[in-house]
Amino acid sequence: MKKEVALLNHIHESADMGQDSLKHILELSKDKEFTDVIRAWIEEYQEAYRESAELLKEYQEEAGRDAPAMGKMMSNVMSKVKNMMDPSTSKLAEMVLQGATMGITEITKEIHGYDGEDTKVLDLAKKLLKREEKNVETMKKFL
């Protein structure tokens, strides 16, 4: 049970950080096509956030662990600074790709380290990974 809760909390925290970071990127974008892709990606993170919260409730957990406020703030500040230096869509896409790559690395490690029994939890983690990988491919066209 602890393994499931740990993986679900990781998914929950990652989805929280992802949607928060992308909302800041969205504010910086002036490209409609890029903005539409980012909005869809935010919705996917919101779905993962909700799904992980629902599964955590099944384990008698009141709420998932959100990303640390300091991490969110630092991400926002770095996005703004990088955008001031280069406000292009390509630079925004590069920042999104860097974040997504970190997310892919972390969720892959979590999946490989998971030896729990709840396939719903593992399936949710794999679903998040597949989304991240698909979104990375989509984002490459904006470089």
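The values are calculated or read from the model by the stated rules, or taken from the named source; none is laboratory data. Just so it is clear, the structure is predicted and the values come from calculations on it, not from any experiment. Cβ placement follows ideal geometry from the backbone for every residue including glycine, while neighbour counts extend to all protein chains displayed. Ligands, DNA and RNA are excluded from the accessible area calculation, which covers all protein heavy atoms including side chains. Shrake-Rupley method; radii C 1.70, N 1.55, O 1.52, S 1.80 Å.
Search region 1-34 for residues being part of a loop (DSSP other than H, G, I, E, B) and open to solvent by 40 Å² or more (accessible area, probe 1.4 Å), and hand back the single one that is nearest to residue 112 (Cα to Cα). First the steps, then the outcome.
First, the residues of region 1-34 that are part of a loop (DSSP other than H, G, I, E, B): 1, 29-31.
Filter again for open to solvent by 40 Å² or more (accessible area, probe 1.4 Å), leaving 1, 30-31.
Values: 1: 17, 30: 39, 31: 37 Å.
Only one residue fits best here, namely 1.
For region 1-34, give me each residue that is under 20 Å from residue 79 (Cβ atoms), at pLDDT below 95 and among the basic types (Lys, Arg).
Once the filter is applied, which keeps residues that are under 20 Å from residue 79 (Cβ atoms), at pLDDT below 95 and among the basic types (Lys, Arg), region 1-34 yields 23, 30.
How many of the residues in region 112-128 are in a helix (DSSP H, G or I) and open to solvent by 30 Å² or more (accessible area, probe 1.4 Å)? Talk me through it step by step, then tell me what you get.
Kept after step one, since they are in a helix (DSSP H, G or I), are these residues of region 112-128: 112-113, 119-128.
From the residues that got through so far, the ones that are open to solvent by 30 Å² or more (accessible area, probe 1.4 Å) too are 112-113, 119-120, 122-123, 126-127.
The number of residues fulfilling the criteria is 8.
Could you run through region 35-69 and say how many residues are at pLDDT 75 or above, closer than 16 Å to residue 125 by Cβ and outside any helix (DSSP H, G or I)?
So the answer is 2.
Can you tell me how many residues within region 91-111 are more than 16 Å from residue 18 (Cα to Cα) and exposed (fewer than 13 other Cβ atoms within 10 Å of the Cβ)?
Final tally of qualifying residues: 1.
Any idea which of 80, 72, 91, 109 is in a helix (DSSP H, G or I), over 20 Å from residue 7 (Cβ atoms), at pLDDT 75 or above and charged (D, E, K, R)? Break it down into steps so the answer makes sense when it comes.
Values: 80 fails: at pLDDT 75 or above; 72 fails: at pLDDT 75 or above; 109 fails: over 20 Å from residue 7 (Cβ atoms).
Going through 80, 72, 91, 109 in turn, just one is in a helix (DSSP H, G or I), over 20 Å from residue 7 (Cβ atoms), at pLDDT 75 or above and charged (D, E, K, R): 91.
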